[in-house]
Amino acid sequence: MTNSALFLVVLVTAVFMVVAAMALAIWLSPKSYNALKGEPYECGIETRGPAWVQFRVGYYLIAILFLVFDVEAVLLFPWATIYSSIGIDGLILASFFIFILVLGLVYAWRKGALEWK
């Protein structure tokens with residue numbers, strides 16, 4: 001079997017599995033509706049105050065910094081597992097990647113994004 005045929009089989013199988021799972025979920029899910037389900041919260045307690053509450057930007061900055069360094073860990077793990085086979089070129093590229101991330105950390109630190117006020 002050629003690579004393109006194998007890719008086509010995997011693609012068709014993946015699409016079929018997704019469509020089958022969605023169809024099964026629609027078919028098996030309960031279909032009852034009442035007016036309370038249209039409310040913002042279904043816990044049975046009336047909401048107090050406005051539904052739109054403004055959050056401090058610090059929460060978003062911490063979340064973005066977490067994602068940046070989480071992606072760093074995810075991308076460095078495969079590099080570390082094949083380190084011996086990629087040679088000095090791989091070491092230079094990984095060092096450049098880490099350097100860019102350290103620059104981002106220093107920038108965030110200087111701007112005060114890591115200070116909780």
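In terms of its Cα atoms, the chain spans 65, 60, 17 Å along the principal axes, sorted from long to short. Rounded to the nearest whole Hz, the Karplus-based 3J(HN,Hα) values (6.51 cos²θ - 1.76 cosθ + 1.60, θ = phi - 60°) of segment 97-108 follow the sequence 4, 5, 4, 4, 5, 5, 4, x, 5, 5, 4, 5, with x at glycine and proline.
Computed from the coordinates by the stated procedures, all read-outs in this text should not be read as laboratory data. Because the structure is predicted, anything quoted here is derived from the model rather than measured.
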